[in-house]
Each structure stands twice: as C-alpha cells, then as structure tokens.
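Please treat every number below as a calculation from the coordinates, not as lab data. From a predicted model like this one, the values you see are computed outputs, not experimental measurements. So basically every Cβ, Gly included, is an ideal-geometry build from the backbone, and we count neighbours across all protein chains shown.
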Amino acid sequence: MAPPLSDAVVVDVLRRLDRLTAPLVRRLGRPPEMPAAARDDWWAQRAAQVGAVAGGLPRLAGRLADLLPLQNTVGTAVQSLVVLGVAGEHGVTDPAERVSLLSAVLLDRDLPAERVRPLLERVRGSYAEAAFGAREERAGLAGTARTVWRAARLLSRIDDALDARPKGRLGARALAQLPVVGVLGGYAAEREALRKAARRTAELLEPGHRVTV
C-alpha cells in the first residue's frame, strides 16, 4: 500500500493546478450581465456542458480508461474549472483559500487555509513556463485542450487521491464501462459530477460553512 499523501504534496499540486487553469476559467467567463443569483447555476450547467465533453472523452476506451490514470485525472482537471469558477463568483482570490476549496471538493480532504499558507511559502517561485506552456500556447480551442491535458498530467501525481472526487450516477458510470458507447455514459456521468462539484463548492462558501478562517 502506498503511503498517504502529505499535505505538502497535495498543496503543491493543487496550487499549480490553480495557477494553470485560472486563465482558462477567466476565458470561460459567464455573461457579465447575468444576475448574481444565477451565476453559480451557470457554472453548474453551462460550464458542465463544455467540460463534460473533455471529461467523457477518455471513455472511448471503455474499461481501459479505468486501468490508466486518465479518466480520474482528466475528469478532475475539468471539475477544477467549475470549482474555481464558482469560487471566483464568491470573490475567493486568496491562493490558500482556493487550494483549500480544491482539496475539499475534489479530494474530500480537510485542508484549512491556515494549514495551506505556510506550505505555499515553501513552493513560491517554483512555477515555470515549462510546466504550464508558453502563454500563446494556451489560447483558443487547442490551447484549452492543452491546458486540460497539462492539468491532467499534473494531477497524475496524486492519482490515488482522486477517487474521492464527485461522481455521476451509477447507471451512467456502468454504461461508461463499455467500449465506444462508453463515451455516452462517460459524458452523462461527468456532467452530473460537475454539477455536484459546483453545488459542493457553493455550499462550502455559504456563510458559516466556509472552509477557511
């Protein structure tokens, strides 16, 4: 059995994930005229529709996707866009708070912001263009695909912890085990999982239930 992941490793991966995907989250930005009450719902629906395609594509390989660190990593990378999108709607900009949210929603791991901050200090300056790709390579549809792929590769470092991420309905996940048609089940499962991620993020950001202090 592999040793449990340390807080330092989790923080390092999730902070890099935040830095990598934040520009993409901004590009996905919902219409500015949308009422505040509808914004969380926009991330739960519109962003889910966009992201679920990428999250479900590994299911073209059917059950083979479960034998590779692909479905979990790609699915979690897409879910991170929704978590960070909802976080932005609630004005969460502090890196420690964002990492704490990612940990709670994607890993079901209690990692309060006050425990994250000193670990962020240790890894400051470790983010390089080599890790994220040149800025111009992150633009457009191809750039979006590259960003999700780089995020998935980054998350492979903590793949053992990703089973805790939000999941779709059991029926859709069962269909996803089949080759080729599994992409339909994968799409449905990931779409529902993204909605769960958005709801969970919004719940954690409600007054009195914030994951930070």
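Some notes on this structure:
- Using θ = phi - 60° in the Karplus curve 6.51 cos²θ - 1.76 cosθ + 1.60, the 3J(HN,Hα) couplings for the stretch 152-166 round to 4, 4, 4, 5, 4, 5, 10, 4, 4, 8, 7, 5, 7, 5, x Hz; x is entered for Gly and Pro.
- Net length gained if the chain between Trp149 and Leu5 were fully extended (0.36 nm per residue, minus Cα distance): 49.6 nm
- Label-to-label distance, nm, for residues given as Ala164 and Asp110 (7 Å Cα→Cβ offset): 1.1
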